[in-house]
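Asks: Please read through the structure below; I'll follow up with questions.
The values are calculated or read from the model by the stated rules, or taken from the named source; none is laboratory data. Keep in mind that what you see is a predicted model, and the values were worked out from it rather than measured. Backbone-built Cβ (ideal geometry, glycine too); neighbour counts: all protein chains shown. Side chains are part of the model used for accessible areas, which takes the heavy atoms of the whole protein and leaves out ligands, DNA and RNA. Shrake-Rupley method; radii C 1.70, N 1.55, O 1.52, S 1.80 Å.
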Amino acid sequence: MLKTEEKVFWFVVGSQHLYGPETLEQVADHAKEMVDTLNSEGSFPYPLEYKALVTTADEIKDVMKEVNYQDKVAGVVTWMHTFSPAKLWIPGTKLLQKPLLHLATQYHKEIPWDSIDMDFMNLNQSAHGDREYGFLNARLRLNNKIVVGHYQDSEVHTEISDWMLSAIGYIESQNIKVARFGDNMRNVGVTEGDKVEAAIQFGWTVDYYGIGDLVEEINKVTDKDIQETFDDCSELYDMEYRDNDQDFFEEQVKEQIRIEIGLRRFLERGGYTAFTTNFEDLHGMKQLPGMAVQRLNAEGYGFAGEGDWKTAALDRLMKVMANNVSTGFMEDYTYNMTKGNEYIVQSHMLEVDPTFAETKPRVVVNPLGIGDKEDPARLVFDGKAGEGLTVSMLDMGSHYRLMVNTFTAETPTEEAPKLPVARVIWKPNPDFKTGVKKWIQAGGGHHTVATLSLSLDVILDWAKLVDIETVVID
Ligand code: MN
């Protein structure tokens, strides 16, 4: 997965001085033990580090300042072992600029009725401390996550893991840089949006480049560079010549590889992690990028067609959260409307993300009806099956809206010998008719980012962190 930094989450336990040093020592020991257990049993995507026991406003403020300052820290998990007066948390919590998870848990699972006394009650009063701390976060109107349950419970582990992914999404969202080659496709509405607002709300940088800047980079690629990648491709994919003679076929494939190498160099040089193309703006290029885009998607670059920078940035964001597993740009293309077996065919004119491939991708060279360029090479495959969700981001004029529809994907069983693009098919939830209708009604776009590896909670937690209006169809 392309360019993501190592991240950790800090664990901070709250208390106060009222209980004396012995009790506080026990609180710290319990917290360390809890963190060790969470790391070994939780299967978290990122490590949790015990950071501090905090008992004063200054200590809390210092920890939160450090959370903000340290790039490797993606967020903070707090636990109230005892009662920690909420006013102590005001200065530090107000400063915190990273995701916060309040873990409402406790050290013991069962009440030891035979031995319980007031010392035990005073040491183990999370129920008490949780409410005092929760009040403050509610009053500060924080977008914090609250996870409730014993720390050895697997549901608690899943909730923390999901939140970690959304927190990573939130942090990495601030680093997303999209290069747009050309503007949006002429006359298309849903791909437009307010870039200033996207920078403020999501942290996205969206830069325009004339296609000539890319062409210049593409023209610098040498035949030797191309041959190396061509050899790799011959091993990774099946070359499907169809009606093309071998020389012509290979020439077209090598042209895509030239574009791929040029694109990668351009993106690397500018620190871009996502990009868009537009088939209406290809002056100086021989082909619309097809296989080139798909291979960059496989490396973790976000992408969307027709200048759709919102979806390209969203693609990169979701790829980061999903560690680039079965996640990518998708387009609602055509329906199957057989009663009882309704589904939507997802594809694009070339650029279907190979992280969805169930079958070994085939390289196909075929004419493209639009764009008026040479026959582009593209990877053709059938999509994986599984439970997933698809996400669209819309500019509603006064605000951004995030739409999510869950679905069941199936691997196609019918052959499609004349279809020169990859295909993914899915059945929207709760059923075809309702799913499609609600999607259209709320303005859901034809460009989406789909995933078979992120749960709805990850998306919703991220949406909460960036404070975006969300419509869920499930
Ligand atoms: Mn499109």
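Asks: Restricting to segment 20-71, name every residue that is acidic (D, E) and within 30 Å of A322 (Cβ to Cβ).
Replies: We begin by selecting, within segment 20-71, every residue acidic (D, E); these are 22, 25, 29, 33, 36, 41, 49, 58-59, 62, 66, 71.
Within segment 20-71, D36, E41, E49, E66, D71 meet the criteria.
Asks: In segment 319-353, which residues are under 28 Å from S161 (Cα atoms), among the hydrophobic types (A, V, I, L, M, F, W, C) and away from the ligand (no atom under 13 Å from the Cβ)? Walk me through how you get there before you give the answer.
Replies: Kept after step one, since they are under 28 Å from S161 (Cα atoms), are these residues of segment 319-353: 319-330, 353.
When the remaining residues are screened for being among the hydrophobic types (A, V, I, L, M, F, W, C), the result is 320-322, 325, 329-330.
Listed by number, the residues that qualify are V320, M321, A322, V325.
Asks: Would you check which residues across segment 44-70 are in contact with a helix residue (DSSP H, G or I) (Cβ under 6 Å, 6 or more places away or on another chain), open to solvent by 40 Å² or more (accessible area, probe 1.4 Å) and part of a strand (DSSP E or B) and list them?
Replies: If the condition is that a residue be in contact with a helix residue (DSSP H, G or I) (Cβ under 6 Å, 6 or more places away or on another chain), open to solvent by 40 Å² or more (accessible area, probe 1.4 Å) and part of a strand (DSSP E or B), then Y50, L53 are the ones that fit.
Asks: Restricting attention to segment 359-382, does a residue exist that is touching a strand residue (DSSP E or B) at 6+ places or on another chain (Cβ under 7 Å), within 24 Å of R258 (Cα to Cα), within 16 Å of the ligand (Cβ to nearest atom) and part of a strand (DSSP E or B)?
Replies: Here is the first cut: in segment 359-382, the residues touching a strand residue (DSSP E or B) at 6+ places or on another chain (Cβ under 7 Å) are 359-365, 375, 377-382.
Narrowing the set further to residues that are within 24 Å of R258 (Cα to Cα) leaves 360-365, 375, 377-381.
Okay, now just the ones that are also within 16 Å of the ligand (Cβ to nearest atom), so 378.
Pick out the ones that are also part of a strand (DSSP E or B) and you get 378.
Taking every residue of segment 359-382 in turn, at least one turns out to be touching a strand residue (DSSP E or B) at 6+ places or on another chain (Cβ under 7 Å), within 24 Å of R258 (Cα to Cα), within 16 Å of the ligand (Cβ to nearest atom) and part of a strand (DSSP E or B).
Asks: If K286 passes every condition in (1) more than 16 Å from the ligand (Cβ to nearest atom); (2) not in a loop (DSSP other than H, G, I, E, B) but one, which one does it miss?
Replies: Among (1) more than 16 Å from the ligand (Cβ to nearest atom); (2) not in a loop (DSSP other than H, G, I, E, B), K286 violates only (2).
Asks: Which one is surrounded by the fewest Cβ atoms within 10 Å (Cβ to Cβ) among residues in segment 304-318 that are within 11 Å of the ligand (Cβ to nearest atom) and closer than 18 Å to R264 by Cα? Full working, then the answer.
Replies: Narrowing segment 304-318 to residues within 11 Å of the ligand (Cβ to nearest atom): 304-308, 311.
Applying the additional criterion that residues be closer than 18 Å to R264 by Cα yields 304-305, 307.
On the way: A304: 32, G305: 23, G307: 25.
That would be G305.
Yes/no matrix, rows are residues, columns are (1) surrounded by fewer than 17 Cβ atoms within 10 Å (Cβ to Cβ); (2) under 30 Å from H283 (Cβ atoms); (3) outside the structural domain of D308 (by TED's automatic domain parsing):
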site: K360; (1), (2), (3): yes, no, no
site: G369; (1), (2), (3): yes, yes, no
site: G445; (1), (2), (3): no, yes, no
site: V449; (1), (2), (3): no, yes, no
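Asks: Within segment 282-295, work out how many residues are under 16 Å from E217 (Cα atoms) and either under 22 Å from the mean Cα position of the chain (by Cα) or not hydrophobic (A, V, I, L, M, F, W, C) (or both). So that I can check it myself, show each step before the final result.
Replies: Narrowing segment 282-295 to residues under 16 Å from E217 (Cα atoms): 282-289, 292-293.
Subset that is either under 22 Å from the mean Cα position of the chain (by Cα) or not hydrophobic (A, V, I, L, M, F, W, C) (or both): 283-284, 286-287, 289, 292-293.
Here the count works out to 7.
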